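Data block below; observations after.
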There are 2 protein chains.
Amino acid sequence: MILSSLLTSVGINLALCFLFFTLYSILRKQPGNITVYAPRLVAQNKSEQTSQFNIERLLPSAGWVKRAWDPTEEDLLTLLGLDAVVFMRIFIFSLKVFAVATVMGIIILLPINFLGTQLTDDSDLVNKSLDSFSISNVNDGSNWLWVHFCAVYIFTGVVCYFLYYEYRHISEMIINCFYSSKPLPEQFTVLVRNIPTSNGSSIGEKVESFFTEFYPSTYLTHAVVHKTRKLQNLNKEAEKLSKKLAKLRSNSAALRKYRRKGPFGLIGPKVDLLDHYQNKMEKLEEHMRLELSRVAGAEVPAAFVSFKSRYGAATITHNQQRTNPTEWVTEQAPEPRDVHWPFFSDSFLQRWFSTIFVVAACVAITILFLIPVVIVQSLANLSQLETWFPFLKGILEIAFVSQVITGYLPSLILQWFLMLMPPVMITLSAVQGYIAFSQIQISACIKMLWFTIWNIFFANVLSGSALYRVDVFLEPKNIPKVLAEAVPGQASFFISYVVTSGWTSLSSEVFRLIPLFWSFTTKYLCRKDPNDFTVPANPYHCEIPRLLFFGLLGITYFFLAPLILPFLLIYYFMGYIVYRNQLLNVYAIKYEMNGKFWPIVHTSMIFSLVLMHIIAIGIFGLKGLPIASGLLIPLPVLTLLFSLYCHKRFLALFRAYPAECLIKKDRADVNDPSINEFFDSLTTAYQDPSLTRSLYSSATDTDTSPLLATD
Amino acid sequence: MILSSLLTSVGINLALCFLFFTLYSILRKQPGNITVYAPRLVAQNKSEQTSQFNIERLLPSAGWVKRAWDPTEEDLLTLLGLDAVVFMRIFIFSLKVFAVATVMGIIILLPINFLGTQLTDDSDLVNKSLDSFSISNVNDGSNWLWVHFCAVYIFTGVVCYFLYYEYRHISEMIINCFYSSKPLPEQFTVLVRNIPTSNGSSIGEKVESFFTEFYPSTYLTHAVVHKTRKLQNLNKEAEKLSKKLAKLRSNSAALRKYRRKGPFGLIGPKVDLLDHYQNKMEKLEEHMRLELSRVAGAEVPAAFVSFKSRYGAATITHNQQRTNPTEWVTEQAPEPRDVHWPFFSDSFLQRWFSTIFVVAACVAITILFLIPVVIVQSLANLSQLETWFPFLKGILEIAFVSQVITGYLPSLILQWFLMLMPPVMITLSAVQGYIAFSQIQISACIKMLWFTIWNIFFANVLSGSALYRVDVFLEPKNIPKVLAEAVPGQASFFISYVVTSGWTSLSSEVFRLIPLFWSFTTKYLCRKDPNDFTVPANPYHCEIPRLLFFGLLGITYFFLAPLILPFLLIYYFMGYIVYRNQLLNVYAIKYEMNGKFWPIVHTSMIFSLVLMHIIAIGIFGLKGLPIASGLLIPLPVLTLLFSLYCHKRFLALFRAYPAECLIKKDRADVNDPSINEFFDSLTTAYQDPSLTRSLYSSATDTDTSPLLATD
């Protein structure tokens, strides 16, 4: 790609950004759209809705940017919880890192690269290849390369410093949030699974007798999980029917009539639709009543067991209970809203098969995704396109068209294909058998991250030299050389990839108007009313992998092609503003993940750093500076040791609270007058919602209520 | 190697076995040797010693075999503890597995191999190469290979069944031993490390205040660890001196005089040696008193904290205590006798460097060990030896000499070199920074096992095809082929290797007479009186790796060259008898490892099985039966899944007792009248022995005793 292509791309993207910014500013002010663009405020009755028409409504304005900027971190924490703050801190971390990187890259490295004469590119500035701005242009064996060498060391130090700082900050926040939290059911509750079944006594009786025998002083109550998948489906049907009935009741009697088709295609008598659906509803209710009584007997060998103290619950989580460690398996209970109920119905064998299926599916998707990658690679290579489609020759020779095709289209196509992946990954993770939505999300996030790194970074980089050379990774000695040969050449592609991402965050905000667009990505998390536009959960599984992938690009290309850095900085800055806004107005946080995303961010950054080091070792070797290569070898080792230390120092807090905190918090509770009320509420906290909902829908029927009592 | 070489080797070994058996039978009956051959009985005053001379004493007898055979498993458990029983069960397991293997191998596979005509070896039976008895002799593509195929599947099933059975049996034993044990200090004690140091208060005060604040109901007492390395050295010196003094006091006054050398080489006045050494002793005692007072202030940031209940101690082990997980690190305390006190003096940095040193040393030893391997390989190749040393030509042409050299010497040299390794591995593991002897032993056992597998198995196998082709393991696809080409060719070498091992177990029993021989391997575990011939610890680190390596040989060669199987069976049988005897008469078990060796045995057997599968996949490919190769692929996967299941099912018990057991045992204690006495004893249970010993040696000095009180 040449500089003018990049400029074309930047131009198109700036125009698009401006367009979307304007659209968003106008659209969000329309009163009809308030449920779409600020559903959180509507839900909380906080929006100052006005139906009066004024001209201002049609003019774009930037007031929302200021309003998004105003709240402090403490405000965000109180308003939106820990996850939102951690998410924003990922942006802040990236902004800090890439601000340093941009200063170093643009002021020091870029001029050195540009003044090199390795690539004999005599064209004028706008027609210069982007490679002239990369390390490829520095002369082999030049002493200027030592500047790059120092930059790698300094930049690694900077990233590590910020990583440590963030890790510490976030773990402090976790502790503070814990201390300031009111008593929460999940703090007092343990999920016990694989309770052995025998004919003698029910699961409930077993749980009761085990915990009263061994933990008489701390045991409080329990809730056995039931097989409710069928009931859930009936519930959904009943909900649809009751909506239909409500609508019909508001219609006039005449409108409700319809002519039923008789036998042999004859026209039958007219029927009142209300009667028809009421009959149907009665039948359904009968069915549900039967199902409810069936469910009462159909226990899953799992139970949520609540205790009188946090420390009591924690010790039971950490200790093996019975001599057979595969029975009575204990783990921290997720938040009640976070429980993925359908999962409990699956048997061990079903879970086993679904895991195998998920692995196979991931492999298949990874291979299939090579098709768009190959298409993109051929687009970047115009002459090949001309050979394949000779009739395009005339069109391709127009400068602007060729610039759009090489500089813009390839990365856009990849972006679109990649946007299809998050829901796929969520579905796969949901199938895999996690018991909490948060676990599904984290698993999907990791899947998505590796998928992006592998299929966008490695597939593009390696297809440049030889299509999909997986075998490179089987010869560890050659990896630095192969990467050093292939990675710099793809700099221009990734620059344009970053540039085209500029408006996607904004566009997804605008496209909220089209419900299909965003419900597609969120419906897997929570089936909900299609008229509710709040994003129900914390769907960071699509955004965080992208952020981290950009971090990977920025870090690996930092000393190779610093031209990428300002675009990344702009991207992070725009993302920061927009997300402070898909957060303050849109999110309705349903459950907390306690910042569990951060360790993924940390590991991914460390991976990026080590990748940069490996490429650097290869580059300095190729550039005739083997001493620099040798002197770089300690750097990845030190980085990995640093990461090990960080995880050892902080990771435990992301998994469980220390005894000190639990005991202190428990003691504070003793003086809390509302604690007994809370303990009472624990008996119904872990109730399968389908059981509660079925009571609601068949409210006339009172004999089902005993089913809800904990047995 | 040809059959007659093997027969020569078997002959020599049988003769040696008989010789050692006779020697042992006679030597052990001599009254003067009773401290050597039955030190355990002497220590327990159980030996029926008779000084009367009778002719029977000079005749070999087999009564000891019967006596070794008599005790049941329960007797062994009571007499010698769990470790000894688990050790014997490894033999029983091997005997079972190889009994099945021998029946299958000798009755079914060996005839099939021998009747093949692939190797055109027309020599008569005694001159036939051993390869004629191996799978190499089966014709390519022959349907008889399907018998081998079935044998691999059946044998894998048999081994897995026995593995599961043993794992279950041993974990049941662990639980039973726990229930029947009297209260032990380690069950009630937690080792707390990395206690942060600050100027304000001492470590002891910190521990006291932390545990009384957070665990007031279960906390009992604690013992802070002190820096005693210097005191240990002084103690040793004092012990030597006091022995000398005791000897001098028994001598006459005249003998004690010696003429001191004056200045300028002149002869000085005569001095009483007793006075001289008593002066020295007084000075040393003064020095020790100073050191003791210094030690009292020199606390290590670690403490043994004891609790009133086992469950209390266990919960503290499993929970993270403080917000910083790198401080107040808790772990199960080892048995008091098992504690490796010198280690505590090391700082974190020292430990870090010693770990790096150990890794480097292991690599260096592995590379250096290639020298004997290469020598052995050249010995097996007579013609090369003749080229190198032409003057040997005459001697080498004598049939018997050449048979001894090819069939006997190579494996003997390797055995000898390998016998040097266990003390090296123990030293390396001791340096690495473990806090318990049992941990050192387990680490040395694993090191030794991998060293044996790598340097005896892989180095021999791969040097046959191309010297030390490490790079094979970087191309996973080629591993089955390379191994299938190389492994069968080394069958005869490993058969002779097993054969020569026959008498080593016996010989090491006989060689107990030469103190150097065995003290060399044990002195690293416990510095002790040179006149005490009991084996102080459980030095399975030399025997178990050999047993497991033979298991690997037996399993991998099971279908390749079944001729190895009967020799293995004999080896295990002899070992079983001899060890039932180094156990009943010799061992004085100092600490229990609770059968922690079994998971290593299990993993090693699974490794051997998978190795066999990989070789089998390669062999069937080479032999023109690719369908069989394909059909074998599920087998390693299933085996690994089986292993995963076993570890998931049983491993947790080897690490910590389940809550159920702890609570039951704690409740049983309530009715135990001696429990308060036991709690009192806990205050001094974890006392550094060098502090106790220094009191003893300077017994006249009473003002040091307060130092022993827990602070």
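The numbers here are math on the coordinates, done by the rules we state, and not lab data. No experiment lies behind these values; they were computed from the predicted model shown. Counting neighbours? That spans all protein chains shown, and the Cβs are built from the backbone with ideal geometry, glycine included.
Things to note:
- Inter-site label distance for A:W352 and A:R655 at 7 Å from Cα along Cβ, in nm: 2.6
- Position B:E74, label points 7 Å along Cα→Cβ, spacing to each other copy in nm (shortest first, one decimal): 7.1
- FRET efficiency, 1/(1 + (r/R0)^6) with R0 60 Å, evaluated for A:T72 and B:I375 via beta carbons: 0.20
- About its Cα centre, the dipole of segment A:111-251 is roughly 1580 debye, where the only charges are +1 on Lys and Arg Cβ and -1 on Asp and Glu Cβ.
- Inter-chain Cβ neighbour count for A:648-658, averaged per residue, equals 3 (cutoff 10 Å, partner chain atoms only).
- Potential extension, A:V401-A:N251 segment - 0.36 nm per residue separation minus Cα distance: 48.3 nm
- Across peptide A:313-323, the mean count of Cβ atoms from other chains lying within 10 Å of each residue's own Cβ comes to 6.
- Between A:W146 and A:R168, the C-beta separation translates, for a Förster distance of 35 Å, into a calculated FRET efficiency of about 0.55.
- 19 Å tail of the calculated P(r), segment A:92-233, as % of Cα pairs: 74
- When Rg and Dmax are taken over the Cα atoms of segment A:405-461, they come to 13.6, 46 Å.
- 7 Å along Cα→Cβ, label-point gaps from B:V158 to other copies, nm, shortest first: 6.7
- At 7 Å out from Cα toward Cβ: B:W352 inter-copy label distances (nm, ascending): 4.5
- The residues packed around B:G554, meaning those with a beta-carbon under 14 Å from its beta-carbon, carry a net charge of +2 if Lys and Arg are +1 and Asp and Glu are -1.
- A simple spin-label model places pseudo-atoms 7 Å from Cα toward Cβ; at A:N233 and B:F573 they are separated by 6.4 nm.
- Protection proxy ranking of A:673-681, A:226-234, B:312-320, A:414-422 - average other beta-carbon atoms within 10 Å, highest first: B:312-320, A:226-234, A:414-422, A:673-681
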